[in-house]
Structure formats: structure tokens, C-alpha cells
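Below is one structure, written out as C-alpha cells, with a few remarks after it.
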Amino acid sequence: MSLLEPGPPSALDSLLLPTALPPLPAALPPPADPGSGGPRLWLVATAAHEESAARYAPLVLAPAELARADEFRRPTDRATYLCAHVGLRRVLGSHLGVAPRTVPVVRAPCPCCGEPHGRPVLPGEPLHFSLSHCEGLSLIAVAAAPVGVDVEPVPGARTLTEAADVVHPLEAAELAALAPESRPAAFARVWTRKEAYLKGLGIGLGADPSTEYVGAGPAPAAPAGWLIADIAAPAGHRAAVAVRRIGGVGAGPD
């Protein structure tokens, strides 16, 4: 299971294991109360869901989501989008006890300008969620507090050079101290932690990612008021989740 087992409120486990989302028409297991543990994590492999997601999408997704899917030019991108959003609505519907298509997802006010184009939320925020996807893979998180999740492929050496200015100076020093062959995976680890945190804040890449330190080593360094953990991901990928503490105590186990 992907729920965190009871443990210290000051930290999440160093590596979390997501649950593989079963393709439709299989039912999801009964949802656990997100307040009874850490974030619930679901992994959606496009190869396993592509056929069923395409078949059920008209019954599950909102018209705007179907229109967005049609805008993708590459079939692989369209398939991953459909799998990710069908999966998200299934998970949220399971927690809310409603049909997936009726899940009322809206946009929060943007933290930067106040306009209604911020992160997707549920009205009244009875629970919090986050979605991330890259080619062929999606990751869903549900939690009792604001949460962000990110999954990315390990980049090539050229990407490391081009993205050097997005890491904190201490992270840059940590990466430089590694053997060259270890740097791509370590950079992906830094980046997923950083983006998960920024998504949890609701600002995404609207903020300068180099100003926050999350660490390049095996143990994440969470900013004040947050918990960060790495997530086990398929080979060639890295993933992370960030959860805001509740009332000075971890958003995970208490």
C-alpha cells in the first residue's frame, strides 16, 4: 500500500512506494481517510491504461478535458493525458463517493495575481490532490493537506548544462561533487523534489526554483513547514512528493 505507516511526525519515509492504479473496469480498493496517514500515491502506466482510458474517457472526463486531449498532436501525449486524467477522476471520485465525471474540479486563485487560473482544486478543499505526468507515466497524490507531486525522466548530460541555473547554489555544489555519470539521476532527484514543493505551494514554476534548497543527496531537505520524500519510480525516472505540515505537526502520521 502507498499510505505511510505510522511513524515520527517530523519526517516522511525516505522512499515511498506508490500503488499501481488498476485499469478500468476494475474497481479501486476502498479509499483510506487521507488524514489517517501520509499522502496516498497512485502510479498510472500509460501502456497498461491506454486502451481502457480511451474507451471510458467520454464517460469519465469533463468536456473541457476531452477538448484538451484532442489538442495533442502526438498520439503518445494524448494517451498519457487521457490515462492521467481518467485516473485522477477515478481516485477523487472514490474518495468523495461520487461518479468520476461529477467530481467538481475548479481552479484556485493564482497566488501571484489572484486570477482564477491557479492549481486545480476541489471546492472547499475537502481533500487535496496533485497530478504529474511525463511520457508514458503519471503519478497521483491525495492528502489531507496541500500536496505536490512530480515525476520526470532522468535527463541527458546536455539538459544538465542547460538547466544549471534552476538549482540552489548548495545543490549545484552537491551535484558537482558527484561523479559525472551520477549527476543526471541526482539532478532529476533535485528537480522532482523542487517541483513537487512548488506545486504544493500552488505557484509551480511561477517562482524561481533556484531560491529553495531541497538537497541533491539521498535525504531531502524540506523547506520550513513542509515534508518532502522521494517516490519509487520505474527505471529511468525519478519522482517526489511534498506535503504541508498541519498545525506544526506533519501532514503525515501523528
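The values are calculated or read from the model by the stated rules, or taken from the named source; none is laboratory data. For clarity, every value in this text was computed on a predicted model and none was experimentally measured. Backbone-built Cβ (ideal geometry, glycine too); neighbour counts: all protein chains shown. Accessible surface is based on the protein model in full, side chains and every heavy atom, while ligands, DNA and RNA are left aside. Shrake-Rupley method; radii C 1.70, N 1.55, O 1.52, S 1.80 Å.
Sort out which residues of segment 108-124 are more than 17 Å from the chain's Cα centre (by Cα) and either among the charged types (D, E, K, R) or modelled with pLDDT of 95 or more (or both), and write them in order of number.
Selection gives Glu115 alone.
What are the residues in segment 168-186 that are surrounded by 14 or more Cβ atoms within 10 Å (Cβ to Cβ) and not small (Gly, Ala, Ser), if any?
Within segment 168-186, the first condition is being surrounded by 14 or more Cβ atoms within 10 Å (Cβ to Cβ), and the residues that meet it are 168, 171-172, 174-175, 178, 183-186.
Across segment 168-186, the qualifying residues are His168, Glu171, Glu174, Leu175, Leu178, Arg183, Pro184.
Please go through segment 157-168 and give me each residue that is under 30 Å from Ile246 (Cβ atoms) and not in a helix (DSSP H, G or I), ordered by number. Spell out how you get there, then give the answer.
Applying the first criterion (under 30 Å from Ile246 (Cβ atoms)) to segment 157-168 yields 166-168.
Selection gives Val167, His168.
Got a sec? Which of Ala177, Ala144, Ala188 is out of contact with any strand residue (DSSP E or B) (no Cβ under 6 Å at 6 or more places or on another chain) and more than 30 Å from Leu96 (Cα to Cα)? Working first, answer last.
On the way: Ala144 fails: more than 30 Å from Leu96 (Cα to Cα); Ala188 fails: out of contact with any strand residue (DSSP E or B) (no Cβ under 6 Å at 6 or more places or on another chain).
The unique qualifying residue is Ala177.
Return the residue satisfying two criteria in turn: it lies in segment 204-230 and is touching a Pro at 6+ places or on another chain (Cβ under 6 Å) and among the β-branched types (Val, Ile, Thr), and of such residues it is most open to solvent (accessible area, probe 1.4 Å).
So in segment 204-230, the residues touching a Pro at 6+ places or on another chain (Cβ under 6 Å) come out as 212, 214, 228.
When the remaining residues are screened for being among the β-branched types (Val, Ile, Thr), the result is 214, 228.
Details: Val214: 0, Ile228: 16 Å².
Ranking the candidates gives Ile228 first.
So for segment 131-143 (the condition being modelled with pLDDT under 90 and under 16 Å from Leu88 (Cβ atoms)), does at least one residue qualify?
Within segment 131-143, the subset modelled with pLDDT under 90 is none.
No, that holds for no residue.
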